[in-house]
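Working notes, structure below.
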Amino acid sequence: MKILTGNDLASGDVVWWDGKGWSRDVNDAVDVGDAADAILAAEEAALRVNVSYAIAATRDQHGVRPAHIKDRIRALGPTVRLDLTLKPGDTGAANRVI
Amino acid sequence: MGETLLRYREDAVTGAPVLSLEDFLASDPMSNGAAAVRITPGEDARALLPHLGRIALIEVTFPAYTDGRGYSSARILREQGYTGELRASGDVLIDQLSHMCRCGFDAFAPAKPIAAGAAAKAVATWPEVYQKTVDGRSPIWAKRHGL
Amino acid sequence: MYQYDQYDQAMVDARVDEFRGQVLRRLSGELTEDQFKPLRLKNGLYLQLHAYMLRVAIPYGTLNGRQMRLLGDIADKYDRGYGHFTTRQNIQYNWIKLDDTPDILAELATVEMHAIQTSGNCIRNISSDHMAGAAADELVDPRPYAELLRQWSTFHPEFDYLPRKFKIAVIASDTDRAAMRLHDIGIQIVKNDAGEIGAKFHVGGGMGRTPMIGPMIREFVPALQMVSYAEACLRVYNRYGRRDNKYKARIKILVHEIGADEYRRQVEEEFAHILTLGLEPPQAEFDRIAAFFADPGLESGVLDKVDRSDPDFALWLDQNTAPHKQPGYAVVVISLKPTGGIPGDATADQIRLMAELSTAYSLDELRVTHTQNIVLPHVKKADLYTVWQKLDAAGLGSANLDLISDIIACPGLDYCSLANARSIPLAQKISQRFADMDRQRDLGELKLKISGCINACGHHHAGHIGILGVDKRGIENFQLSFGGSEAADTSLADITGPGFSEDGVVDALEKATNVYLAQRAEGERFLDTYRRIGMAPFKEAIYG
């Protein structure tokens, strides 16, 4: 699948396109098919996202998994500070990123 | 809206055609009237030094504002006594005006117009300056010691 | 240490106002990200993997207790309760909000701090010896010279859009604690045969993709011409440094391509011209600055003895303190490298504790080292035990300075958008593998440095052991190298061979240290043995 990501302009938070808006949780990301450029252009112009781009991803039993390690770490948070991730209780999260 | 030529000088704009450095250096030094010349970032401003007396306008181009060679060109020309118009043209943005003035520019031809009021405010960004340059401002170290 | 007058304060305040306006223009959409990026970088604001990152300048690594306290408070108020001390002697925060940054800068300005020129293609924060003003071996305190250059380089109008970033270090002792020759300009304050003080200039050193040791460009620049000479060095670079390729734009490439002799000739020509312009601040200005550093309040007749009866304390004392020029005092280095910890990270509480200790026991001064530790420069020997107890209780008592677990590591792929591999988990694994302190002490001085990409923020080229993380078809891979040094015997490390997985590189490291233990001669460090016996025996052990 092809998904969209970027950062919130004001907070800098990592965000994912969920079909209607921008979510903090990668598992909300939806496949945008061929619509990536059109969505990103509109969202950037409206200042609803910053430094946005489209990436390849897959969906497995744990959720949406970006193809590149850099985006998997963006989705999770620092692998060395699991206390700062979206789901701090998930101790296996760092291993799945690699 | 905005201006495409901001000038901080009293004299009138020269009507002379703006020549490339190559054409200027090839032109007749005895021809009448003051000349105007344009230099690009990679060209040596020092090539103009023997001719400063007959130049009314030197345009220093900034194809990209992140290319800072024009700042050195400007200072070198002023340090050697050039008093004609020194114009920065091209990708000249409001955030660079103050530094450009400090390096001796006194006119700006921004590709994207800049409002005169905003430009005046930007030029006055720094109430004090640490370095002595060519703009005549007294640096902080001089003020500290009454120099 | 240096204190702002109304002029310095006005500059910082004006910068806060200017940046507040730039942030508003970005938030309103008046500035695009492409336009805003160079502007925010000049104020140390990056957009990293997870959020904006703000790098705050700590000029020549020196700060006072009040400043350190505020750094801790900012970590709590605007970030997530911690900060990261960097190899440029600065601190950076990882979770900053763009709309908070003007307020953060305004708070920093209240304690004479800022984020000016902590990134971007301009003259960066000037680094120096973290033991300046305390070291027994220094000629003079290098910081007044660094401060003079700080003022000269701040908002320098001609050099704000250089081909690439520009880093200057100033030291004043033959013992190089600042990697001086690995800077764009490395200055050593020296005395000439006539007994006059001046500056020896090395130009064109650096790490990154193409590491180079800076050649000496001028043996002696009179102290009162140092600013003019630096101006000449920069002007030649600004005019002729390459701008066609970002990876060839540092001054080291210019000096290398035209040769040190030709670069020197051009600088001398420019210098002769610049001297006629009267750009140099006068002696009175230097004296004004130097007076701030002259006497931090050291007492004489202080008890010059330490009670070593607590064995754990004695180990820390031997490892983490250094001689002070004043009898009765010592220089304390606080390790930010606990076993399994994140190198250079400190919590807000730890930062405030170090602030308190500096005020109570170190004449209100601290230093940040380029090895990502913190120094209390002026501690009375009689107070060392108390200081150690308080540090130890806060998790800051690691007695591992310059040992294998005192690792430099860049933030790597856990935080940095440029990184190719994670540096921190590797540093954690190494410090855990070598957790036995007796074993570490047996291995002796061993400077291990890890970078997560070729930009070399983790100084891997200059490590006795260096590790570089690369991306091998989407998998993290680590190249090992030996033989680098950033001390006075500066050298660049040699790559061992094919790279390793994260666990593989830890195993290889262990094998290499075993070679050292088996082959070392009396008094030899790992680096010395490597230099004597060469790569072959290590390679055989690692790959054989």
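The values are calculated or read from the model by the stated rules, or taken from the named source; none is laboratory data. Quick caveat: nothing in here was measured; it's all calculated off a predicted structure. Please note: Cβ atoms are built from the backbone with ideal geometry, for glycine as well, and neighbour counts cover all protein chains shown.
Structure above, values below:
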{"read-out": "Per-region count, region C:482-517, residues part of a loop (DSSP other than H, G, I, E, B), under 25 Å from the mean Cα position of the chain (by Cα) and surrounded by 15 or more Cβ atoms within 10 Å (Cβ to Cβ)", "value": "7"}
{"read-out": "Residue match in region C:326-336 (condition: part of a helix (DSSP H, G or I), away from every other protein chain (no Cβ under 14 Å), in contact (Cβ under 8 Å) with a residue 24 or more places away in the chain and farther than 30 Å from residue C:220 by Cα)", "value": "no"}
{"read-out": "Residues being within 30 Å of residue C:438 (Cβ to Cβ) and either touching a Pro at 6+ places or on another chain (Cβ under 7 Å) or among the aliphatic types (A, V, I, L, M) (or both) - total across region C:276-321", "value": "5"}
{"read-out": "Count of region B:88-119 residues which are in contact (Cβ under 8 Å) with a residue 60 or more places away in the chain and not aliphatic (A, V, I, L, M)", "value": "6"}
{"read-out": "Meets criteria (within 10 Å of chain A (Cβ to nearest Cβ) and not aromatic (Phe, Trp, Tyr)) for residue C:97", "value": "yes"}
{"read-out": "Any strands (runs of 3 or more DSSP E) falling wholly within region B:1-76 and containing at least 1 residues that are in contact with a helix residue (DSSP H, G or I) (Cβ under 7 Å, 6 or more places away or on another chain) and without any contact (Cβ under 8 Å) to a residue 24 or more places away in the chain", "value": "B:35-39"}
{"read-out": "Qualifying residue in region C:299-306 (condition: buried (at least 17 other Cβ atoms within 10 Å of the Cβ) and either basic (Lys, Arg) or within 14 Å of another protein chain (Cβ to nearest Cβ) (or both))", "value": "no"}
{"read-out": "Elements of type strands (runs of 3 or more DSSP E) in region C:167-212, at least 2 residues being farther than 18 Å from residue C:135 by Cβ and either free of Cβ contacts under 8 Å to residues at least 24 places away in the same chain or β-branched (Val, Ile, Thr) (or both)", "value": "C:197-203"}
{"read-out": "Residues that are surrounded by 17 or more Cβ atoms within 10 Å (Cβ to Cβ) and either out of contact with any Leu (no Cβ under 8 Å at 6 or more places or on another chain) or in contact (Cβ under 8 Å) with a residue 60 or more places away in the chain (or both), drawn from region C:468-481", "value": "C:468, C:471, C:476, C:477, C:480"}
{"read-out": "Residue match in region C:232-246 (condition: surrounded by fewer than 15 Cβ atoms within 10 Å (Cβ to Cβ) and closer than 17 Å to residue C:183 by Cα)", "value": "no"}
{"read-out": "Selection count where residues are more than 9 Å from chain B (Cβ to nearest Cβ) and either of a type in the set (A, V, I, L, M) or in contact with a Leu (Cβ under 6 Å, 6 or more places away or on another chain) (or both), scope region C:251-282", "value": "9"}
{"read-out": "Residue list for region B:38-64, restricted to those being within 11 Å of another protein chain (Cβ to nearest Cβ) and crowded, with 20+ Cβ neighbours inside 10 Å", "value": "B:45, B:62"}
{"read-out": "Region B:94-123: number of residues that are within 12 Å of chain C (Cβ to nearest Cβ), within 21 Å of residue B:78 (Cβ to Cβ) and part of a loop (DSSP other than H, G, I, E, B)", "value": "3"}
{"read-out": "Qualifying residue in region C:370-380 (condition: outside the structural domain of residue C:424 (by TED's automatic domain parsing), touching a residue at least 12 places away in the same chain (Cβ under 8 Å), out of contact with any Lys or Arg (no Cβ under 9 Å at 6 or more places or on another chain) and not in a strand (DSSP E or B))", "value": "no"}
{"read-out": "Answer from C:132, C:136 - the residue that is at pLDDT 95 or above and out of contact with any Cys (no Cβ under 6 Å at 6 or more places or on another chain)", "value": "C:132"}
{"read-out": "Options C:390, C:449: the member that is touching a Ser or Thr at 6+ places or on another chain (Cβ under 9 Å) and basic (Lys, Arg)", "value": "C:449"}
{"read-out": "Candidate set from region C:356-374 (those that are of a type in the set (A, V, I, L, M) and surrounded by fewer than 24 Cβ atoms within 10 Å (Cβ to Cβ)); member that is nearest to residue C:338 (Cα to Cα)", "value": "C:360"}
{"read-out": "Residues of region B:79-119 satisfying the condition of being among the charged types (D, E, K, R) and within 9 Å of the chain's Cα centre (by Cα)", "value": "B:85, B:87, B:106"}
{"read-out": "Condition met for residue C:330 (hydrophobic (A, V, I, L, M, F, W, C) and either surrounded by fewer than 20 Cβ atoms within 10 Å (Cβ to Cβ) or outside the structural domain of residue C:354 (by TED's automatic domain parsing) (or both))", "value": "no"}
{"read-out": "Test: residue in region C:223-231 that is within 14 Å of chain B (Cβ to nearest Cβ), in a loop (DSSP other than H, G, I, E, B) and not small (Gly, Ala, Ser)", "value": "no"}
{"read-out": "When residues of region B:124-147 are limited to those that are crowded, with 19+ Cβ neighbours inside 10 Å and part of a helix (DSSP H, G or I), the one farthest from the chain's Cα centre (by Cα)", "value": "B:141"}
{"read-out": "Subset of region C:337-357 that is assigned to a helix (DSSP H, G or I) and either assigned by TED's automatic domain parsing to the domain that holds residue C:458 or of a type in the set (Gly, Ala, Ser) (or both) - its residue that is farthest from residue C:427 (Cα to Cα)", "value": "C:355"}
{"read-out": "Hits in region C:421-436 (condition: crowded, with 22+ Cβ neighbours inside 10 Å, part of a loop (DSSP other than H, G, I, E, B) and either charged (D, E, K, R) or over 19 Å from the mean Cα position of the chain (by Cα) (or both))", "value": "C:421, C:422, C:434"}
{"read-out": "Enumeration of residues in region C:1-56 that are more than 7 Å from every other protein chain (Cβ to nearest Cβ), over 25 Å from the mean Cα position of the chain (by Cα), assigned to a helix (DSSP H, G or I) and among the acidic types (Asp, Glu)", "value": "C:13, C:17, C:34"}
{"read-out": "All positions within region A:48-70 that are within 9 Å of another protein chain (Cβ to nearest Cβ) and not in a loop (DSSP other than H, G, I, E, B)", "value": "A:50, A:51, A:69, A:70"}
{"read-out": "Residues (within 14 Å of chain A (Cβ to nearest Cβ) and not small (Gly, Ala, Ser)) located in region C:464-509", "value": "C:470, C:471, C:472, C:473, C:475, C:476, C:477, C:478, C:502, C:503"}
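This table checks each residue for (1) touching a strand residue (DSSP E or B) at 6+ places or on another chain (Cβ under 6 Å); (2) acidic (Asp, Glu).
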{"site": "C:17", "(1), (2)": "no, yes"}
{"site": "C:43", "(1), (2)": "no, no"}
{"site": "C:55", "(1), (2)": "yes, no"}
{"site": "C:59", "(1), (2)": "no, no"}
{"site": "C:63", "(1), (2)": "yes, no"}
{"site": "C:89", "(1), (2)": "yes, no"}
{"site": "C:93", "(1), (2)": "yes, no"}
{"site": "C:98", "(1), (2)": "yes, no"}
{"site": "C:105", "(1), (2)": "no, no"}
